[in-house]
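The structure appears right after this line, and notes come after that.
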Amino acid sequence: MANKLIVAPAPHVQTSQSTARIMRDVVIALMPALVVSTIVFGVDVLRVTALSVAACVVFEFLIQKYVVRGPLTISNWSAVVTGVLLAFNLPASIPWWIVLIGAFVAIAIAKMTFGGLGKNPFNPALVGRVFLLIAYPVQMTTWPMPVNGGAFDALSGATPLAAVKHGLAGPDALGVQDLLLGNMPGSMGEVAALALLVGFVYLLWRRVITWHIPVTILVTMALFAFVVALCKGESGALLWQLPLFHVLAGGAILGSVFMATDYSTSPMTVKGGVIFAVGIGVITMLIRLWGAYPEGMSFAILLMNACVPLINKYVKPKRFGVK
């Protein structure tokens, strides 16, 4: 009888999921938001997204073929995901050459420099976005108006977060319907809260992610906003309007669902993920309320990405058989 004992290194748990399948599911989950953004801002959304995706794929191909000289991995769809997420963090009116620079930074510096997928300590799309925000602040904060005017037409293209931060409007200036449907200025990925939530449900159904990190981030942000409103002596409807506004406005849902849950840049355990998520929620609100920028989600995720090795070191599951 043949020896059926197989000796092999970990991992020993096998699954039908593959990297390509997971990445395709992420792209599918982002499609409702892409459709809504296209309706709100027009065909420029498709131009920016297509250019970003193509540039990320080409840069990864060229680096792997001529610099790394390793096996090509562009078929795993990770570069496509990076391209879509980078595009979702940009204004639809962004010049084409800035998109190319952002794609190069995301792929060449934030991803391939560390060895490629699974080895990068920071989310590549967010590194590209933050670099562009620092290098080209005017272009990155010039928001196009929706094709039909939008709910914030009178505010000359200010995003809801910027308008509230600078006192141009209150958190009740936009209703829940406006925040969910996204008829307002902003980046392509922050104007479609309802579509992003549909994508969230899809990823949960496909078991690509778990609910712990996204829900913890959003709950932390809501509680933080509620406590701030109480400390300011607010009462009545504002006590729930401010938390709801900060959850639905800006990049809260996009960041918490599609970026903070990145496998290689988030903690390995559920407990570690909760700590990671609370940190993101708190830092985001600190920047939104008292920082220089209206939005702090990108900075918060990158800062907590840097803390992931420390979280993984001190938050470990108990070994089997050890009390």
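TYR263 meets each of the listed conditions (1) aromatic (Phe, Trp, Tyr); (2) touching a Pro at 6+ places or on another chain (Cβ under 9 Å); (3) open to solvent by 20 Å² or more (accessible area, probe 1.4 Å) apart from (2).
Every residue, every condition in (1) outside any helix (DSSP H, G or I); (2) touching a His at 6+ places or on another chain (Cβ under 6 Å); (3) open to solvent by 20 Å² or more (accessible area, probe 1.4 Å); (4) at positive phi, yes or no:
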| site | (1), (2), (3), (4) |
| --- | --- |
| ALA222 | no, no, yes, no |
| GLY236 | yes, no, yes, yes |
| ALA277 | no, no, no, no |
| GLY281 | no, no, no, no |
| VAL308 | no, no, no, no |
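Selection over the range 64-83 of residues that are part of a helix (DSSP H, G or I) and in contact with a Gly (Cβ under 9 Å, 6 or more places away or on another chain) gives a count of 4. For the range 125-149, the set of residues classified as part of a loop (DSSP other than H, G, I, E, B) and more than 25 Å from VAL36 (Cα to Cα) consists of TYR136 only. Set side by side, the residues PHE122, PHE59 differ, and just one is at pLDDT 90 or above, assigned to a loop (DSSP other than H, G, I, E, B) and open to solvent by 10 Å² or more (accessible area, probe 1.4 Å), which is PHE122. Flag set for THR38, criterion: β-branched (Val, Ile, Thr) and under 16 Å from GLY189 (Cα atoms). Being of a type in the set (Phe, Trp, Tyr) and either under 11 Å from CYS56 (Cβ atoms) or touching a Lys or Arg at 6+ places or on another chain (Cβ under 7 Å) (or both) is the filter here; which residues of the range 68-106 pass it? TRP77, PHE104, listed by residue number.
Looking at the range 61-100 only, could you name the residues that are β-branched (Val, Ile, Thr), more than 15 Å from VAL138 (Cα to Cα) and touching a residue at least 24 places away in the same chain (Cβ under 8 Å)? Within the range 61-100, ILE63, VAL67, VAL68, THR73, VAL80, VAL81, THR82, VAL84 qualify. When the range 310-320 is filtered for residues that are under 16 Å from THR261 (Cβ atoms) and surrounded by fewer than 17 Cβ atoms within 10 Å (Cβ to Cβ), only ASN312 remains. The residue that is farthest from VAL274 (Cα to Cα), among those in the range 175-194 that are among the hydrophobic types (A, V, I, L, M, F, W, C) and open to solvent by 10 Å² or more (accessible area, probe 1.4 Å), is LEU181.
The sole residue among LEU254, LEU303 that is open to solvent by 20 Å² or more (accessible area, probe 1.4 Å) and hydrophobic (A, V, I, L, M, F, W, C) is LEU303. For the range 152-201, taking the residues that are at pLDDT 75 or above and of a type in the set (Ser, Thr, Tyr), the one that is nearest to THR38 (Cα to Cα) is identified as SER187. For the range 246-258, a residue qualifies if it is under 10 Å from ILE213 (Cβ atoms) and of a type outside the set (S, T, N, Q), and exactly one does: VAL257.
Are any of the residues in the range 78-89 within 19 Å of ASN183 (Cα to Cα), surrounded by 15 or more Cβ atoms within 10 Å (Cβ to Cβ), at pLDDT 90 or above and among the aliphatic types (A, V, I, L, M)? Checked against the condition, which is being within 19 Å of ASN183 (Cα to Cα), surrounded by 15 or more Cβ atoms within 10 Å (Cβ to Cβ), at pLDDT 90 or above and among the aliphatic types (A, V, I, L, M), the range 78-89 yields at least one hit.
The values are calculated or read from the model by the stated rules, or taken from the named source; none is laboratory data. Since we're looking at a predicted model, the values are computed, not measured. Positions of Cβ are backbone-derived with ideal geometry, glycine not excepted, and every protein chain shown enters the neighbour counts. Surface areas here come from the heavy atoms of the whole protein model, side chains and all, with no ligands, DNA or RNA. Shrake-Rupley method; radii C 1.70, N 1.55, O 1.52, S 1.80 Å.
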